[in-house]
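Here the structure is laid out as structure tokens; the discussion comes afterwards.
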Amino acid sequence: MTQLDGIVKPKTKRSKRFLESRAPKLIEDVKNTMIMKGGNTSQTVTTALKDIYSLKKPNAVLYKKKNITRPFEDSTSLEFFSKKSDCSLFLFGSHNKKRPNNFIFGRMFDFHVLDMFELGIEKFISLSQIKTSKFPEGTKPMLIFAGEIFDTDNDYKRLKSLLIDFFRGPTVPAVRLAGLEHVLHFTALEGKIYMRSYRCLLKKSGCRTPRIELEEIGPSFDFVMRRTHLASDDLYKLAHRQPKALKPKKKKNISHDVFGTSFGRVHMQKQDLSKLRTRKMKGLRKRKGEVVDEDQEPKVAKVES
């Protein structure tokens, strides 16, 4: 590939396909996640990163080597790996004396850090510790958020948006009932965030709708929020901007009542009813004969006596 005036021009078909895959699209591809660990990690952090990677497969990249970086001080290393692996979400795990068992969730906009949340792991139960059957790889999870603080506090609002972006999976037009197997539940209570993972079991109920039971499968986390890095309101608004081609077009002359019934108004030109052709009936046809004027009296046939 050659670069001329800031524009990269491909030389081969392979490089052309690569640039087309990275080019902006009206409907973007599924967001990929890069999962990496810092220079110092504990066994808890390493196992937790692998469990999160198993939840995110196949839309995730796991870096096994250590990366000596501090995202809150210098994020250039994260931005480099994000552009290299085409990932807009990241999870960074580290461990030190000041901040033990540390997770950093973050996302990118235009390959630059948009916002980050540092969460400390106080309690962790891995997938392998819970001996139950798991869900298939690539299953789209159902996300549940409990706690008023997710709707009132600005930091928790952004954290909720980030977690939805992180775990939502691909966008699908429809979901079958048997495909609703995985549930992720987040609870914010007394300054802590509890993350639980359940498997949805469909039981017989004697009717068409099955009875639903939840079985915990792991991983299970008890988080506490430590540091945050939030984007400005203008940058956050710019990151949520949609192209005009995706915005729904407003339909004119259509209204809805309180019951949801649609009414349409049709504009027509003024009709001339004298030229309107109606259906002709046999009884209304004019008979053949002389035309009698109203002034003249009708002739009476003479009868010979």
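The values are calculated or read from the model by the stated rules, or taken from the named source; none is laboratory data. From a predicted model like this one, the values you see are computed outputs, not experimental measurements. Glycine gets a Cβ as well: all are built from the backbone with ideal geometry, and neighbour counts include every protein chain shown. Accessible surface is based on the protein model in full, side chains and every heavy atom, while ligands, DNA and RNA are left aside. Shrake-Rupley method; radii C 1.70, N 1.55, O 1.52, S 1.80 Å.
Observations, loosely collected:
- At least 18 Å along the helix axis (C-alpha) and Kyte average at least -1.0, DSSP helices within the chain: 43-56, 154-167
- Gaussian network model of the chain, Cα within-10 Å springs - most flexible of Pro170, Pro219, Pro248: Pro248
- Antiparallel bridges, percent of DSSP beta bridges restricted to the chain (to nearest 5): 75 percent
- Checking the Cα-Cα distances for Lys57/Lys131; Lys50/Lys97; Lys56/Lys84; Lys16/Lys244 against a 24 Å cut-off, the pairs over it are Lys16/Lys244.
- Within a straight-line Cα-Cα reach of under 22 Å, Lys270 can be paired with the following lysines, leaving aside sequence neighbours fewer than 8 residues apart in one chain: Lys252.
- Here the Karplus relation 6.51 cos²θ - 1.76 cosθ + 1.60, evaluated at θ = phi - 60°, turns the backbone of the stretch 119-130 into coupling constants of 10, x, 8, 9, 8, 9, 10, 7, 5, 6, 6, 9 Hz, with x for every Gly and Pro.
- For Asp86, the solvent-accessible surface computed with a 1.4 Å probe is close to 60 Å², ligands and nucleic acids excluded.
- The residues of the stretch 22-62 present an accessible area of 50 Å² per residue when probed at 1.4 Å with all protein chains retained.
- For the stretch 28-244: rounded, prolate or oblate by the Cα gyration tensor [a/c cutoff 1.5]: prolate
- For the chain, the relative contact order comes to 14 percent (Cα pairs under 8 Å, sequence separation of at least 6).
- Once the GluC sites (Glu not before Pro) in DSSP loops with at most 11 neighbouring Cβ atoms within 10 Å are cut out of the chain, the longest remaining piece is 191-289.
- Sulfur and carbon atoms: percent of accessible area, the stretch 56-178 [1.4 Å]: 53 percent
- Most mobile listed residue (Gln129, Gln269, Gln242) in the chain, GNM with C-alpha springs under 10 Å: Gln269
- Under the criterion of Cα pairs below 8 Å and six or more residues apart, the relative contact order for the stretch 146-295 equals 12 percent.
- Farthest towards the positive end of the charge dipole of the stretch 28-244, among the residues Cys207, Phe72, Met34, is the Cα of Cys207, using unit charges on the Cβ of Lys, Arg, Asp and Glu.
- For the stretch 1-113: rounded, prolate or oblate by the Cα gyration tensor [a/c cutoff 1.5]: prolate
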